[in-house]
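A short write-up of the structure that comes next.
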């Protein structure tokens with residue numbers, strides 16, 4: 001995950017930048033409690049791009065914590081439902097020297113061809129407009145549905161921060177894949193991000209569309225191509241096309 005770790009862990013001390021997950025855990029019956037560093041419970045995308053529909057990451061996971069540190073309590077309610085509660089050291093931070101308590105949750109549902117997650121975050125964070133920490137709240141929903149050769153995913157979140165929660169932002173995306181064969185898939189995605197007060201992004205509105213093709217050479221390697229186009233108030237049309245070689249691990 002080289003470039004992912006280098007770019008997204010740059011604020012951590014050098015010896016922590018290789019940590020994707022590291023925790024100790026105690027299990028009993030249908031519950032568990034763990035302490036350490038965990039991968040993000042927000043959105044359905046992870047650093048492992050081979051697990052995603054699209055090769056490129058959507059806008060959604062770029063504006064939630066890439067990882068969290070602290071305590072995690074998990075309870076399996078039944079065969080379909082589970083609940084996780086988090087007590088965290090702020091928005092994506094391992095350094096406890098400047099402790100910033102925050103809290104989150106993740107409710108998961110899985111049944112047959114459906115998956116649904118609802119996650120939340122509450123904490124005090126700074127932004128480009130405020131030097132002093134302000135209360136930040138985030139609520140995120142994502143779903144997945146599969147039917148035959150089709151796979152669908154969608155993600156929505158809304159966030160708020162500032163005095164009387166005066167600064168708000170949000171995004172929505174939808175993507176799908178069609179599996180032509182066991183080795184080949186075609187995929188596409190549409191997304192829209194709105195942030196009028198520039199808490200997270202410098203453009204009040206940002207959108208993109210992408211289409212691509214991926215072919216599995218074997219159990220460990222994919223190759224493919226993707227075309228992606230961004231739209232914003234600064235640039236109405238910003239296209240990219242690239243070839244990729246992807247390792248699965």
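Output the residue which, of all residues in the stretch 43-74 that are at pLDDT 95 or above and within 21 Å of residue 115 (Cβ to Cβ), is surrounded by the most Cβ atoms within 10 Å (Cβ to Cβ).
Step one: list which residues in the stretch 43-74 are at pLDDT 95 or above, which gives 71-74.
Filter again for within 21 Å of residue 115 (Cβ to Cβ), leaving 72, 74.
Working: 72: 22, 74: 18.
Residue satisfying both the conditions and the ranking: 72.
For the stretch 46-60, give me each residue that is without any contact (Cβ under 8 Å) to a residue 24 or more places away in the chain and either within 19 Å of residue 102 (Cα to Cα) or outside any helix (DSSP H, G or I) (or both).
First pass over the stretch 46-60, keeping only residues without any contact (Cβ under 8 Å) to a residue 24 or more places away in the chain: 46, 51-52, 57.
Those that are without any contact (Cβ under 8 Å) to a residue 24 or more places away in the chain and either within 19 Å of residue 102 (Cα to Cα) or outside any helix (DSSP H, G or I) (or both): 46, 52, 57.
Please go through (1) at pLDDT 90 or above; (2) more than 15 Å from the chain's Cα centre (by Cα) for residue 12 and return the number of the only condition it doesn't satisfy.
All conditions pass for residue 12, except number (1).
Table: residues versus (1) under 23 Å from residue 177 (Cα atoms); (2) out of contact with any helix residue (DSSP H, G or I) (no Cβ under 9 Å at 6 or more places or on another chain); (3) surrounded by 17 or more Cβ atoms within 10 Å (Cβ to Cβ).
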position: 109; (1), (2), (3): yes, yes, no
position: 117; (1), (2), (3): yes, yes, yes
position: 137; (1), (2), (3): no, no, no
position: 140; (1), (2), (3): yes, no, yes
position: 143; (1), (2), (3): yes, yes, yes
position: 151; (1), (2), (3): yes, yes, yes
position: 156; (1), (2), (3): yes, no, no
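Return the pairs, sorted by first residue and then second, in which the second residue is in a loop (DSSP other than H, G, I, E, B) and surrounded by fewer than 16 Cβ atoms within 10 Å (Cβ to Cβ), the first residue lies in the stretch 219-234 and is free of Cβ contacts under 8 Å to residues at least 24 places away in the same chain, the beta carbons are less than 9 Å apart, and the residues are 6+ apart or on different chains.
223/217; 229/237
Quick one: count up the residues across the stretch 63-100 that are over 28 Å from residue 172 (Cα atoms) and part of a strand (DSSP E or B).
Here the count works out to 5.
The values are calculated or read from the model by the stated rules, or taken from the named source; none is laboratory data. Keep in mind that this is a model prediction, so the values were computed, not measured. FYI the Cβ positions are ideal-geometry reconstructions off the backbone, even for glycines, and counts take in every protein chain you see.
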